[in-house]
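S.K.: This is the structure, below, for whatever I ask next.
The values are calculated or read from the model by the stated rules, or taken from the named source; none is laboratory data. Model, not experiment: these values are computed from the prediction. So basically every Cβ, Gly included, is an ideal-geometry build from the backbone, and we count neighbours across all protein chains shown. The area values use the complete protein model at the heavy-atom level, side chains included, leaving out ligands, DNA and RNA. Shrake-Rupley method; radii C 1.70, N 1.55, O 1.52, S 1.80 Å.
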Amino acid sequence: MRNYEDDFALDDLLSPAHQARLLELLGKLSGASFALNAHDDGASRPLEFNLDTLGWLKAELPAEQHQAAVRLYELVLFYAGKYRLAANLHHDATEASYLELQQKHAAVQASEEKYKQLAQRLTQQVEEQVRVIKKAQQELYESARLRAVGQLAAGIAHEINTPIGFIGSNLRVANDYLDELEASLPDSHETAMLFEDFHALLDESSSGTKRIARIVSDLKTFSNIDQADFAACDINALITTACRLIQAEQNQVLPLSLRLGELPEVAGYPAKLSQAFYNVLDNATKSLEAGGQIRVASRVQDNALEVLIEDEGVVCLTTFSRAPSSHFLPRETSVPAAAWG
């Protein structure tokens, strides 16, 4: 008995007697003679079953009638094939032993387990890809945000530096004019007091313009304006900038001490490092207790560059460390305050 997966030949579908009977019936219906050939002789049309050519039907008929006869023959083959397939399937089902069914069941279970494991691996890979994509999106967002801040700071710096320049220049000229005016007026106690107060006002205004210019410069450093994304970094300069900015935010009342050692330049992202230093200092100010102090130090220790930031609020020491062969990354370790040294 043939298996139902096998391809059928013409004799498997119709016995030679049935083939002859079918050709006879086609001849009576059409009034023409039919012949079944194994090969194409140029005047025959193919008989197909499941896309396979099983034979060639020859008849002296017009093309349309010839094609109709072929289709009728193929229809008979189709239902004969269905019968054969059903018969073979029934035979296989009834003749299969219980052991064979168990083997098939075991094979199905093994296949299910295989695909289950594959699905789990695919799920893990998808989750990993999602994490990678989210991380990349976050990095792109941070990069875009920093660039936007840098562009904004650049515009603000340009707009502020121009008036600050001529204000400072005008204050210096005004101070010169005041000296000339003081020399030309009669000397008296009231005049001396007035000019002394006037000089103090001009000096205070000049100090204010210098402070504004310094803040603008710090903002430019903080936002990484006019610098490459990845460049040589002066860590002490970045620390100083972050400290001045945090002090400006706290109205210059922040108890902060610096102990900056001599450091080599390191490759890194200046804006991101400035932001990291600023964030740690900002956290320190929020946890600082009354009378407490924030201490910032930099040093090279054990062939590694370290930045230590300590506050006297919650006892926690934050250390930024970079070995010569690594990226500059922060690490945070809770230690007793006395361990900071």
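S.K.: What pairs come up if the first residue lies in region 192-212 and is closer than 14 Å to residue 178 by Cα, the second is surrounded by 13 or more Cβ atoms within 10 Å (Cβ to Cβ) and small (Gly, Ala, Ser), and their beta carbons are under 7 Å apart, counting only those six or more places apart or on different chains?
M.R.: Sorted first by the residue in region 192-212, then by its partner, the pairs are 202/174.
S.K.: Can you give me the number of residues within region 61-77 that are in contact with a Pro (Cβ under 9 Å, 6 or more places away or on another chain) and open to solvent by 60 Å² or more (accessible area, probe 1.4 Å)?
M.R.: Of the residues in that region, 0 qualify.
S.K.: Considering every residue within region 95-102, establish whether at least one is open to solvent by less than 80 Å² (accessible area, probe 1.4 Å), outside any helix (DSSP H, G or I) and among the polar types (S, T, N, Q).
M.R.: So far as region 95-102 goes, yes, one or more of its residues are open to solvent by less than 80 Å² (accessible area, probe 1.4 Å), outside any helix (DSSP H, G or I) and among the polar types (S, T, N, Q).
S.K.: Looking only at region 172-189, which residues are part of a helix (DSSP H, G or I) and open to solvent by less than 80 Å² (accessible area, probe 1.4 Å)?
M.R.: 173, 174, 175, 178, 179, 182 - these are the residues of region 172-189 that are part of a helix (DSSP H, G or I) and open to solvent by less than 80 Å² (accessible area, probe 1.4 Å).
S.K.: Taking the conditions exactly as written (touching a helix residue (DSSP H, G or I) at 6+ places or on another chain (Cβ under 6 Å), assigned to a helix (DSSP H, G or I), surrounded by 11 or more Cβ atoms within 10 Å (Cβ to Cβ) and at pLDDT 80 or above), does residue 80 satisfy them or not?
M.R.: Yes; evaluated as a whole, the condition is true for this residue.
S.K.: Another one. Is there any pair linking a residue in region 34-60 that is open to solvent by 70 Å² or more (accessible area, probe 1.4 Å) to one that is aromatic (Phe, Trp, Tyr), with Cβ under 6 Å and at least six apart or on different chains, and which?
M.R.: 40/56
S.K.: Using the structure shown, decide if residue 105 is assigned to a helix (DSSP H, G or I) and open to solvent by 60 Å² or more (accessible area, probe 1.4 Å). Steps first, answer last, please.
M.R.: Values: assigned to a helix (DSSP H, G or I): yes; open to solvent by 60 Å² or more (accessible area, probe 1.4 Å): yes.
Criteria met by residue 105.
S.K.: Against the definition (out of contact with any Cys (no Cβ under 9 Å at 6 or more places or on another chain) and of a type in the set (Ser, Thr, Tyr)), how does residue 257 come out, yes or no?
M.R.: yes
S.K.: Restricting attention to region 58-112, which residues are of a type in the set (A, V, I, L, M, F, W, C), closer than 30 Å to residue 24 by Cα and within 58 Å of the chain's Cα centre (by Cα)?
M.R.: Here is the first cut: in region 58-112, the residues of a type in the set (A, V, I, L, M, F, W, C) are 59, 61, 63, 68-70, 72, 75-78, 80, 85-87, 89, 93, 96, 99, 101, 106-108, 110.
Within this subset, residues satisfying the condition of being closer than 30 Å to residue 24 by Cα are 59, 61, 63, 68-70, 72, 75-78, 80, 85-87.
Once the filter is applied, which keeps residues that are of a type in the set (A, V, I, L, M, F, W, C), closer than 30 Å to residue 24 by Cα and within 58 Å of the chain's Cα centre (by Cα), region 58-112 yields 78, 85, 86.
S.K.: Given (1) farther than 30 Å from residue 244 by Cβ; (2) exposed (fewer than 15 other Cβ atoms within 10 Å of the Cβ), where does residue 195 come up short, assuming only one miss?
M.R.: (2)
S.K.: From 209, 221, 241, 191, which residue is within 30 Å of residue 144 (Cβ to Cβ), modelled with pLDDT of 80 or more and not hydrophobic (A, V, I, L, M, F, W, C)? If you could, list the steps in order and put the result at the bottom.
M.R.: Values: 209 fails: within 30 Å of residue 144 (Cβ to Cβ); 221 fails: modelled with pLDDT of 80 or more; 191 fails: within 30 Å of residue 144 (Cβ to Cβ).
From the options 209, 221, 241, 191, the qualifying one is 241.
S.K.: Of everything in region 12-33, what is free of Cβ contacts under 8 Å to residues at least 40 places away in the same chain and outside any helix (DSSP H, G or I)? Give them in sequence order.
M.R.: 15, 31, 32, 33 - these are the residues of region 12-33 that are free of Cβ contacts under 8 Å to residues at least 40 places away in the same chain and outside any helix (DSSP H, G or I).
S.K.: Here is a follow-up. Kindly evaluate residue 23 against the criterion of being within 30 Å of residue 95 (Cβ to Cβ), out of contact with any His (no Cβ under 6 Å at 6 or more places or on another chain) and not β-branched (Val, Ile, Thr). Give the steps one after another, and end with the answer.
M.R.: Values: within 30 Å of residue 95 (Cβ to Cβ): no; out of contact with any His (no Cβ under 6 Å at 6 or more places or on another chain): yes; not β-branched (Val, Ile, Thr): yes.
Taking the combined requirement at face value, the residue does not satisfy it.
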